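Scroll down for the structure; my scribbles are underneath it.
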Amino acid sequence: MLTLPVRLLAVSKQQSLEKIRALYAKGQRAFGENYLQEALRKQGALQDLNIEWHFIGHIQSNKTRAIAEHFDWVQSVDRYAIAKRLNEQRPAHLTPLNICIQVNIDGEAQKSGIPPKATLAFATKLTTLSRLNLRGLMIYPKRGQITTFLHARHLYDALIAEGFCLDTLSMGTSEDYQEAIEARATMVRLGSRLFSQ
Ligand SMILES: *Cc1c(COP(=O)(O)O)cnc(C)c1O
């Protein structure tokens with residue numbers, strides 16, 4: 001069996017500060033949050049740690065400034081208007097904001113994400129936004145199957161073939177991370193399973 005490097009994002013929504021500190025003490029550095037107010041509160045209380053914060057929730061346009069100021073990554077970008085605001089609001093003293101395009105890989109209705117067919121055009125449009133650093137794609141299917149994850153991997157490889165310099169395919173949760181890794185995810189996002197240990 002081939003071992004591939006996969007980054008672990010610890011999804012800490014609804015988890016206590018103590019549990020976050022315990023994981024940090026074991027060496028975990030990347031944490032993901034879905035809700036801005038909750039995340040800001042935790043960031044304040046964990047200022048003494050060197051955490052890489054990822055925003056992975058739905059983005060409302062009135063929240064973009066705080067997100068651009070307080071996160072290292074935003075994985076849930078799926079509207080140009082939001083990307084444009086994040087770009088404008090990223091503080092000058094910080095490095096460009098790392099982002100992923102959220103793709104609605106299996107076309108579920110009422111689900112966030114860019115349709116797969118529109119991803120290349122969307123990625124191309126983002127290249128004009130110099131305060132954003134496009135790192136890759138994020139998908140969050142309801143129950144991820146290997147075929148879904150392979151579809152995402154194909155899309156990711158196609159963007160690289162088009163000349164995009166990407167290193168992040170973020171897919172797989174507590175329920176389906178094994179299938180995601182099989183399809184060569186570069187980052188899995190684990191919440192419940194990781195924190196229940
Ligand atoms: C909550 C969440 C996860 C983690 O889900 P678990 O089932 O707790 O592992 C991953 N990605 C996103 C976008 C989430 O909102």
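Some points to look at:
- Within region 171-197, being within 13 Å of the ligand (Cβ to nearest atom), farther than 19 Å from Ile99 by Cα and of a type in the set (Gly, Ala, Ser) holds for Ser174, Ala180, Gly191, Ser192, Ser196.
- Residue match in region 141-156 (condition: among the hydrophobic types (A, V, I, L, M, F, W, C) and touching an Asp or Glu at 6+ places or on another chain (Cβ under 8 Å)): yes
- Residues in region 139-157 that are touching a helix residue (DSSP H, G or I) at 6+ places or on another chain (Cβ under 7 Å), aliphatic (A, V, I, L, M) and surrounded by fewer than 24 Cβ atoms within 10 Å (Cβ to Cβ): 2 in all.
- Scan of region 21-63 for residues that are outside any loop (DSSP other than H, G, I, E, B) and within 13 Å of the ligand (Cβ to nearest atom), ordered by number: Ala30, Phe31, Gly32, Glu33, Glu38, Ala39, His54, Phe55
- Taken together, Leu155, Leu120, Leu86, Leu126 contain a single residue that is under 25 Å from Leu46 (Cβ atoms) and either in contact with a His (Cβ under 9 Å, 6 or more places away or on another chain) or in contact (Cβ under 8 Å) with a residue 24 or more places away in the chain (or both), which is Leu86.
- Taking the numbered list (1) within 16 Å of the ligand (Cβ to nearest atom); (2) of a type in the set (A, V, I, L, M); (3) not in a loop (DSSP other than H, G, I, E, B) in turn, Ala66 passes all entries but (1).
- One residue from Ser112, Ser196 being closer than 30 Å to Lys19 by Cα and more than 16 Å from the chain's Cα centre (by Cα): Ser196
- In region 38-45, the condition of being under 18 Å from the mean Cα position of the chain (by Cα) and under 13 Å from Phe195 (Cα atoms) is met by no residue.
- Residue in region 163-170 that is within 16 Å of the ligand (Cβ to nearest atom) and out of contact with any helix residue (DSSP H, G or I) (no Cβ under 8 Å at 6 or more places or on another chain) present: yes
- Flag for Thr147 being at pLDDT 95 or above and out of contact with any Leu (no Cβ under 9 Å at 6 or more places or on another chain): yes
- Cβ-Cβ contacts under 7 Å between residues 6 or more apart (or on different chains), taken from a first residue in region 95-115 that is surrounded by fewer than 21 Cβ atoms within 10 Å (Cβ to Cβ) to a second residue that is part of a loop (DSSP other than H, G, I, E, B) and of a type in the set (Lys, Arg), are listed as Pro96/Arg90; Pro96/Arg131; Asn104/Lys111; Glu108/Lys142.
- Any hit, region 8-20, residues being in contact with a strand residue (DSSP E or B) (Cβ under 8 Å, 6 or more places away or on another chain), assigned to a helix (DSSP H, G or I) and surrounded by fewer than 17 Cβ atoms within 10 Å (Cβ to Cβ): no
The values are calculated or read from the model by the stated rules, or taken from the named source; none is laboratory data. Because the structure is predicted, anything quoted here is derived from the model rather than measured. Quick reminder, even Gly has a Cβ in these numbers, built from the backbone with ideal geometry, and neighbours come from all protein chains shown.
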